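Worksheet: one structure, shown below.
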Amino acid sequence: MPGFVDPHTHVVFAGDRAPEFEMRLRGASYMEIMAAGGGIMNTVRATREASPEDIVNESRKRLDRMLAHGTTIVEAKTGYGLNTAGELKMLEAIRLLDQGHALDIVPTFLGAHAIPTEYKDHEDEYVSLVVDEMMPAIEAAGYLDHQAPLFCDVFCEEGAFSVGQSRRILQEAKDLGMGLKIHADEFNALGGTALAVELGATSADHLACTPEKELRLLADSDTVGVLLPGTPFGLAETHYAQGRKMIDLGVAVALATDLNPGTCYCESMPFVMALACRYMGMTPAETIVASTINAAYAVGLGNEVGSLEIGKKADLLVLDMPDYRHLSYRFGTNLVETVIKAGRVVS
Ligand code: NIG
Ligand code: FE
């Protein structure tokens with residue numbers, strides 16, 4: 001079968017947040033921890049302090065595990081720098097990882113991942129920093145000249161970025177020729193999905209509480225809905241995106257791990273597929289489509305990878321199973337036997 005495309009990850013970071021995992025098990029919520037200055041800011045502090053070599057070395061091990069579980073293309077976001085130097089350092093780490101690893105990486109600029117502590121109560125100034133300083137610096141550093149485009153993403157959420165702030169950032173990114181993504185409706189429905197459709201975003205991601213009206217807008221658009229069932233699972237929450245309903249409405253649904261140190265430290269697309277069958281009402285066949293061809297479209301590579309077709313890249317998997325349904329029927333073990341990347345056996 002084609003290799004998995006994982007179209008939404010925060011795989012590049014330093015440190016971990018195991019202590020917060022324990023705090024959450026004792027009752028603290030993810031957004032409470034974030035509001036108290038922990039959460040994403042904890043990883044921002046660790047990543048700001050780390051050298052590019054440290055970030056690369058820590059992240060490479062995660063990419064190795066992703067490859068072993070059958071992922072041949074991964075999207076990777078910045079968003080743990082949250083100042084100009086830190087965001088450029090993350091883009092540089094992503095570039096080094098892409099060059100030095102069999103996996104291909106699609107980069108995404110997520111300067112608007114959180115309001116850094118130093119901008120608390122003057123959030124709009126931080127938005128201005130993203131638009132007026134970070135984006136020009138990224139352009140000046142040559143990250144917009146590559147053949148594969150750079151994406152821009154925003155965490156549109158209460159306690160992060162409003163719809164107005166998200167629109168300002170994404171419109172500027174669009175004007176610079178970047179592809180667009182958005183974290184929409186993860187905890188609260190603010191209107192991020194409608195914004196994604198309005199701006200012609202490549203994908204709208206999370207969609208755990210998107211109202212039906214906006215799901216219909218998404219169904220009528222070319223924007224892919226990227227669902228991340230590992231995230232509610234990782235947070236021990238029981239509310240999942242309505243995958244079944246979205247597919248029935250006509251949304252192009254993709255799946256991704258969302259691999260990150262806060263909500264979902266998971267390298268395995270097959271595990272995400274197992275969750276999608278059980279908690280989002282998707283069939284095993286639908287989870288394969290969502291993890292290959294639809295996921296390829298979610299990172300703008302639908303014409304190059306994601307299916308076995310003449311003219312596409314030979315990113316292939318050999319699986320040790322009697323039937324395709326075993327991919328999501330079984331879980332917690334790796335059934336990928338061989339990974340072939342661009343025609344070469346790599347794992
Ligand atoms: O997609 N919600 C925002 N971003 C990530 C979490 C990142 C983190 O906690 O470090 C997500 O769940
Ligand atoms: Fe995310």
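Odds and ends about this structure:
- Gap separating the Cα centres of segment 70-139 and segment 325-347, nearest whole Å: 30 Å
- 20 Å Cα cut-off, lysine pairs counted over the chain (separation 8 or more, or different chains): 10
- Helical contribution to [θ] at 222 nm, DSSP H n ≥ 4, -39,500 (n - 2.57), averaged over the chain, rounded to 500: -11500 deg cm²/dmol
- Spatial separation of Cα centroids for segment 1-49 and segment 226-296, in angstrom: 18 Å
- About its Cα centre, the dipole of the chain is roughly 940 debye, where the only charges are +1 on Lys and Arg Cβ and -1 on Asp and Glu Cβ.
- The slack between E158 and Q171, meaning 0.36 nm per residue of separation minus the straight C-alpha distance, is 2.7 nm.
- Put a dot 7 Å past the Cα of M31, heading toward its Cβ, do the same for A236, and the two dots end up 2.0 nm apart.
- Bridges between two residues of the chain, per DSSP, are antiparallel at a rate of about 25%.
- In the chain, a dipole from Cβ-located charges (positive for Lys and Arg, negative for Asp and Glu) runs towards its positive end, and of Y297, G70, V12 it is G70 whose Cα lies farthest in that direction.
- Prolate/oblate/rounded call for the chain, Cα gyration tensor, a/c under 1.5 rounded: rounded
- Nearest-0.05 FRET efficiency for A85 and D248, computed from C-beta distance (R0 35 Å): 0.15
- Under 5 Å, built H, 5+ apart or other chain: amide partners of G111: D153
- Packing-based order for 322-328, 160-166, using average beta carbon neighbours within 10 Å, highest first: 160-166, 322-328
- A straight chain from E22 to A148 at 0.36 nm per residue would run longer than the Cα-Cα distance by 41.4 nm.
- Taking 7 Å steps out from each Cα toward its Cβ at N188 and I310 produces label points 5.5 nm apart.
- Only the Cβ atoms of Lys and Arg (+1) and of Asp and Glu (-1) were treated as charged; on that basis the dipole of segment 204-324 about its Cα centre amounts to roughly 180 debye.
Coordinate-derived values only; no laboratory data. These numbers were taken from a predicted model, which means no experiment stands behind them. Every residue, glycine as well, gets a Cβ built from its backbone with ideal geometry; the counts of neighbours run over all protein chains shown.
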